[in-house]
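Before anything else, here's the structure in question.
The values are calculated or read from the model by the stated rules, or taken from the named source; none is laboratory data. Given the structure is predicted, the values throughout are model-derived calculations rather than measurements. No Cβ is skipped: glycine too gets one built from the backbone with ideal geometry, and neighbour counts run over all protein chains shown.
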Amino acid sequence: MPKVIVNGQEIELKAGEKLNGIQAAQRAGVDIPHYCWHAGLTVVASCRMCLVETGTRNAETGAITMVPKLVPACQTPATDNTIFITNSEKVQQARAMVEEDLLIDHPIDCPICDKAGECLLQDYHFEHGQDERRADIRPFTSRRREMGDTVTLFIDRCVMCTRCVRFTREISGSSELMVINRGSHEEIDVFPGYPLDNKLSGNVVDLCPVGALGDKDFLYQQRVWFMKKHPGICTGCSTGCSITVEENQDTVYRLKPRTNPHVNQWWMCDEGRYGYHYVHSDKRLTGAGKLEDSDYKNVEWSHIITDLDERLRKVRGLGVVLSPHLTVEEAYLLATYARSVDPNAMIVLGHVPVVGVDETFKNGFTIRAEKCPNRRGIEAIVLHYMPKVLTVDDLLAEIAAGRINAAWVTGGYKEPWIDESTAVQFEALDTLIVQDIFSSPLWERATYQLPGAVFAEREGSYVNYADRLQNAVWAVRPPAGVRVEASVYWQLLGRPGMYKARRVLTELAGEIPYFAAAAGAVSDVGVDLKVNLLAAKSEVVSAAVS
Amino acid sequence: MAKFEPVLLANVDNPDSHTLKVYEASGGYKAMKRALTEMTPVAVIDLVKSSNLRGRGGAGFPTGLKWSFLPKDHPGPIYMCINADESEPGTFNNRILMEEDPHQVIEGIIIGCFATRAQTAYIYLRYEYPLSYDRLQGAIDECYKAGYLGKNILGKEFSLDIYLHRGAAAYICGEETGLIESLEGKRAWPRIKPPFPAVEGVFRKPTVVNNIETMACVTQILARGADWFKSIGIPADPKNPRDPGSYGPKLYCLSGHVNKPGCYEAPLGITCRQLIDEFGGGVWKGRKAKAAIPGGISMGLLSEAELDTPLDFAGPGRVGCLGLGTAAVVVLDETVSMVDFLHNSCRFFAHESCGQCTPCREGTEWSLRMLDRIKAGKGRLRDLDLLLEIGDTIGIIPGTTICGLSDGAAWPIKNAIRKFRGEFEEYIKRTNPTGYMVTDAVDALPILAAH
């Protein structure tokens with residue numbers, strides 16, 4: 001095993017692991033400050049913030065040879081017997097110098113800067129900077145420049161790390177951003193007439209270590225220290241990017257990608273990032289209703305649930321439509337409930353919205369055409385109850401044949417998803433329960449109208465296109481009058497206490513082999529159901545995979 | 001020592017010296033023909049190695065050694081880049097060669113490419129040399145016609161194409177990896193090393209980058225032999241095993257306050273004073289020299305007392321300069337203000353810093369702003385300490401930047417202030433009698449249109 005010595009502390013790396021000095025130091029719990037280096041981008045070693053002392057230890061004699069000059073840790077490979085010293089006076093002086101240099105042109109407008117609170121320039125200056133501003137040579141300017149529809153540049157806050165430039169060249173492949181001018185006159189810019197308009201543009205704001213690139217969607221909306229961060233999953237498409245939902249007092253202010261090497265690495269698309277606004281739409285449905293004498297009567301949630309339950313226990317044939325926006329746990333609970341009132345209840349997969357075709361970017365990041373997060377998970381649950389994956393069309397055929405007289409349809413789509421001609425076919429039912437977030441032709445025909453929740457309000461798991469199951473926790477409470485699907489089903493099933501996604505997931509992992517791998521702890525990056533399913537089937541396969 | 005006869009400049013005064021006919025009449029291309037017909041590439045490299053030829057571009061890296069760094073048995077292509085982006089202030093020796101004797105250079109390139117198995121050579125020419133461009137292109141065209149370039153040169157396996165590429169006038173393009181980036185059509189930001197160009201250079205292929213004058217020396221070494229070359233110059237210091245010596249003739253560019261500025265050929269190791277007195281006809285107007293730049297502005301300053309320093313690769317370093325550099329000597333007479341000199345130097349480097357590394361981008365600008373302020377009569381003694389701190393901390397020698405540009409920016413600051421501190425202090429006290437001792441932050445100057 002290769003050994004690396006960081007500040008005298010010896011750490012072991014895995015054989016064949018290719019780390020640089022910053023990553024090796026991280027293993028040792030030592031933070032080496034850096035601006036330009038990012039694990040997802042090429043190394044340029046230009047900010048010089050990560051300068052360290054390095055050397056090698058002779059494996060046989062133990063003799064230590066140090067390099068006389070400072071080297072950037074980002075560019076120095078951590079090979080066997082490499083020594084890194086990150087806390088010497090020489091290193092600290094170099095950091096102070098870089099910090100001082102970066103602030104020469106900086107307007108220090110932290111009070112009006114969006115980045116304040118999560119700014120590396122602030123953090124590093126606090127930790128490594130000097131207490132005096134010696135470079136009293138230049139009046140500040142504070143200029144702004146539009147990069148595109150999503151991003152604005154605060155020119156003088158920039159530290160020229162070029163992360164954003166490299167992102168557009170290496171990840172999105174669209175190369176809109178560039179460096180203009182030379183020396184201390186350098187600025188980030190776009191070519192006239194070619195604004196930053198790729199579908200991953202928002203990532204440059206995340207990459208910016210300082211307040212130079214501002215997200216127009218978030219600009220001046222909220223101070224970052226007021227927001228709480230909740231791990232979630234983007235439900236915009238079946239890629240299922242790991243995200244962080246950032247909210248304050250039940251208002252979502254922004255979504256940020258959460259690092260997940262198996263799914264989205266460090267990135268997310270603009271469609272997902274800026275597509276959350278429907279969460280707070282004033283068109284959201286609130287308040288449960290029951291159709292009585294051709295008019296809807298507002299009913300208390302607690303009453304409507306007992307009422308529903310009584311009514312459903314009398315039906316001849318029950319059909320359930322599981323939306324691919326439901327979590328795995330919710331779908332399982334609803335199906336379980338349906339089978340408890342009608343042992344032959346028909347369970348089908350809801351509408352799967354597909355828009356365009358998959359769009360893959362230079363580094364492989366893909367925006368999928370399938371605009372829902374959980375088709376694979378719902379299919380697995382449908383298959384558990386039905387011989388094959390049935391769809392709404394199959395249900396409609398059964399309704400037309402008169403074998404089904406009650407249906408429970410779940411929606412949760414942010415776009416219109418059902419047309420008049422389809423909705424009409426549900427009129428043959430005696431009982432139609434619709435759970436949705438926006439009004440639709442079907443909603444208007446429901447006998448029970450149950451307003452549903454959106455992704456930021458749900459707790460549970462989604463299975464992405466590649467059979468990776470990931471957990472999300474709820475970030476905000478639903479609007480008044482809305483109850484999250486899971487809690488409705490939990491109560492219908494008469495289960496004790498509060499709905500807890502983890503309890504349901506453990507239960508269904510034992511019940512449905514597809515989910516077996518989720519029986520144990522599911523980490524931040526999710527769990528690959530496919531690999532584990534194979535492993536469960538055969539010891540041999542398991543050995544081969546590991 | 002026998003009377004030194006110019007070799008590199010032997011032809012430059014002949015009429016039509018830039019034409020193939022005249023060049024061949026004086027024995028040109030014989031060395032190339034002998035190398036291609038009688039020698040193996042390895043033998044050529046060994047010959048150049050044994051001559052201890054060191055690169056004339058500034059760093060003085062042994063040329064034969066550089067060639068031998070190319071990976072063995074590489075499937076190719078291997079590229080040769082000739083650095084003709086001669087932009088170090090005070091330097092014009094490449095220009096003389098390219099304008100007056102381009103075939104001497106091209107002969108060296110052909111030999112060098114034969115030795116390194118390169119089949120493509122790029123000459124990266126600075127934009128400001130239109131005559132060099134015409135003469136070089138003319139010489140290349142003549143060589144194609146004569147069969148010295150193109151497919152199967154002299155009926156041998158060896159083929160070579162030379163392309164002339166004009167830069168867009170930036171100092172940083174003379175840094176070898178900046179040159180490579182620029183040649184590839186990118187912004188000339190020097191690359192991080194490793195990998196070095198010999199392993200991964202132009203278009204990610206093994207590349208040798210050599211200076212114009214180096215290639216002229218290669219021609220002469222092939223024509224006259226390594227022993228001739230080693231009979232000129234300063235031998236290696238026996239106490240320093242890493243010193244390869246300073247052998248061969250060198251083109252010195254003499255300018256500034258001398259009676260006869262020009263490009264002169266002399267053996268390496270001539271002292272600065274000899275150069276000024278014997279070639280330059282002494283300091284002009286009967287004045288005394290105050291200081292001299294030993295090898296281009298980035299090398300720092302020699303004070304009058306240090307003018308007896310030999311101008312070989314090791315000499316200027318012994319008196320605190322960065323090195324020999326391009327051997328461009330600029331003489332400053334006793335009337336020159338060192339404040340003006342340093343201001344001009346800082347302005348140049350602030351203008352030419354590529355802006356990639358923070359310490360150089362901001363340090364060069366900061367030092368210029370401080371000099372601006374000193375010149376505006378608002379300097380403080382404290383500024384000198386700050387300037388020295390900047391000078392001591394930027395560059396590849398302390399390890400804070402990718403390339404050597406900021407070492408070049410640092411050396412004039414360090415040398416000027418350390419060697420002429422009294423003059424700086426006097427200037428500041430005289431122009432800012434009430435504020436020179438202030439150590440608190442003072443008001444910023446409005447941005448001057450300095451560059």
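Go through segment B:398-432 and count every residue that is closer than 19 Å to B:D340 by Cα and either surrounded by fewer than 20 Cβ atoms within 10 Å (Cβ to Cβ) or away from chain A (no Cβ under 11 Å) (or both).
Counting residues in segment B:398-432 that are closer than 19 Å to B:D340 by Cα and either surrounded by fewer than 20 Cβ atoms within 10 Å (Cβ to Cβ) or away from chain A (no Cβ under 11 Å) (or both) gives 24.
Here's something else I'd like to know. Within segment A:498-512, can you find the residues that are small (G, A, S) and closer than 19 Å to A:F455 by Cα?
A:A501
Then there is this: Out of all the residues in segment A:94-106, which are within 14 Å of B:G399 (Cα to Cα) and facing chain B (nearest Cβ under 8 Å)?
Passing the criteria: A:A94, A:M97, A:V98.
Oh, and also: Which residue, of A:T65, A:T56, A:T61, A:T82, is touching a residue at least 60 places away in the same chain (Cβ under 8 Å), out of contact with any Leu (no Cβ under 6 Å at 6 or more places or on another chain), farther than 25 Å from A:F167 by Cβ and of a type in the set (V, I, T)?
From the options A:T65, A:T56, A:T61, A:T82, the qualifying one is A:T82.
Mind checking which strands (runs of 3 or more DSSP E) fall wholly inside segment A:161-251 and carry at least 1 residues that are within 14 Å of another protein chain (Cβ to nearest Cβ)?
Of the strands (runs of 3 or more DSSP E) lying wholly inside segment A:161-251, those with at least 1 residues that are within 14 Å of another protein chain (Cβ to nearest Cβ) span A:177-180, A:187-190.
Here is a further query. Residues of segment B:144-192 being within 28 Å of A:M160 (Cα to Cα) and assigned to a helix (DSSP H, G or I), which ones?
B:Y171, B:I172, B:C173, B:G174, B:E176, B:T177, B:G178, B:L179, B:I180, B:E181, B:S182, B:L183
If you don't mind, another one. Please determine whether any residue of segment A:26-42 is at pLDDT below 95 and within 12 Å of chain B (Cβ to nearest Cβ).
Looking through segment A:26-42, none of the residues is at pLDDT below 95 and within 12 Å of chain B (Cβ to nearest Cβ).
Checking the condition basic (K, R), in contact with a Cys (Cβ under 7 Å, 6 or more places away or on another chain) and either part of a helix (DSSP H, G or I) or without any contact (Cβ under 8 Å) to a residue 60 or more places away in the chain (or both), which residue from A:R48, A:R95 passes?
Testing whether each residue is basic (K, R), in contact with a Cys (Cβ under 7 Å, 6 or more places away or on another chain) and either part of a helix (DSSP H, G or I) or without any contact (Cβ under 8 Å) to a residue 60 or more places away in the chain (or both) leaves just A:R48.
Looking at A:Q470, A:Q449, which is the one that is surrounded by 22 or more Cβ atoms within 10 Å (Cβ to Cβ), within 23 Å of A:G377 (Cβ to Cβ) and either touching a Cys at 6+ places or on another chain (Cβ under 7 Å) or not charged (D, E, K, R) (or both)?
A:Q470
Let me ask something additional. Residue under question is A:P111, and the condition is that it be out of contact with any His (no Cβ under 9 Å at 6 or more places or on another chain), touching a residue at least 12 places away in the same chain (Cβ under 8 Å) and not aliphatic (A, V, I, L, M); does it hold?
So A:P111 does not fit the description; no.
In segment A:1-44, how many are assigned to a loop (DSSP other than H, G, I, E, B) and either buried (at least 24 other Cβ atoms within 10 Å of the Cβ) or of a type in the set (S, T, Y) (or both)?
Within segment A:1-44, residues that are assigned to a loop (DSSP other than H, G, I, E, B) and either buried (at least 24 other Cβ atoms within 10 Å of the Cβ) or of a type in the set (S, T, Y) (or both) number 5.
From the set of residues in segment A:58-85 that are more than 9 Å from chain B (Cβ to nearest Cβ) and within 17 Å of B:P194 (Cα to Cα), which is farthest from the chain's Cα centre (by Cα)?
My answer is A:T82.
Among the residues of segment A:209-225, are any surrounded by fewer than 19 Cβ atoms within 10 Å (Cβ to Cβ), in contact with a Leu (Cβ under 8 Å, 6 or more places away or on another chain) and modelled with pLDDT of 95 or more?
Taking every residue of segment A:209-225 in turn, none turns out to be surrounded by fewer than 19 Cβ atoms within 10 Å (Cβ to Cβ), in contact with a Leu (Cβ under 8 Å, 6 or more places away or on another chain) and modelled with pLDDT of 95 or more.
For the subset of segment B:369-383 comprising residues that are of a type outside the set (A, V, I, L, M), assigned to a helix (DSSP H, G or I) and more than 10 Å from chain A (Cβ to nearest Cβ), which member is surrounded by the fewest Cβ atoms within 10 Å (Cβ to Cβ)?
B:G377
For A:G55, work out the one condition from (1) within 14 Å of chain B (Cβ to nearest Cβ); (2) in a loop (DSSP other than H, G, I, E, B) it doesn't fulfil.
(2)
Filtering segment B:96-123 down to residues that are free of Cβ contacts under 8 Å to residues at least 60 places away in the same chain and either in contact with a Lys or Arg (Cβ under 8 Å, 6 or more places away or on another chain) or surrounded by fewer than 24 Cβ atoms within 10 Å (Cβ to Cβ) (or both), which residue is nearest to B:V331 (Cα to Cα)?
Once the filter is applied, the top-ranked residue is B:T120.
Now, a different point. Name the pairs: first residue in segment A:494-511 and outside the structural domain of A:V522 (by TED's automatic domain parsing), second residue among the charged types (D, E, K, R), Cβ to Cβ under 8 Å, at least 6 apart or on different chains?
So the pair list comes out empty.
Applying the selection to segment B:336-351, what residues are surrounded by 24 or more Cβ atoms within 10 Å (Cβ to Cβ) and within 14 Å of another protein chain (Cβ to nearest Cβ)?
The answer is B:C346, B:F349, B:A350.
Among the basic types (K, R) and in the same structural domain as A:I243 (by TED's automatic domain parsing) - does that describe any residue in segment A:313-322?
Looking for residues that are among the basic types (K, R) and in the same structural domain as A:I243 (by TED's automatic domain parsing), one finds none in segment A:313-322, hence no.
Could you list, in sequence order, all residues of segment B:352-368 that are within 13 Å of B:A409 (Cα to Cα) and assigned to a helix (DSSP H, G or I)?
Passing the criteria: B:E352, B:P359, B:C360, B:R361, B:E362, B:G363, B:T364, B:E365, B:W366, B:S367, B:L368.
Moving to a separate point now. Only residues in segment B:168-193 that are assigned by TED's automatic domain parsing to the domain that holds B:G355 count as the first member; pair them with residues that are of a type in the set (A, V, I, L, M, F, W, C) and modelled with pLDDT of 95 or more, Cβ under 7 angstrom, at least 6 apart or cross-chain, and list the lot.
So the pair list comes out empty.
Can you tell me which of (1) in a loop (DSSP other than H, G, I, E, B); (2) under 30 Å from B:L65 (Cα atoms) is the one B:G281 doesn't meet?
(2)
What residue, of A:A456, A:A397, is at pLDDT 95 or above, in the same structural domain as A:E379 (by TED's automatic domain parsing) and out of contact with any strand residue (DSSP E or B) (no Cβ under 7 Å at 6 or more places or on another chain)?
A:A397
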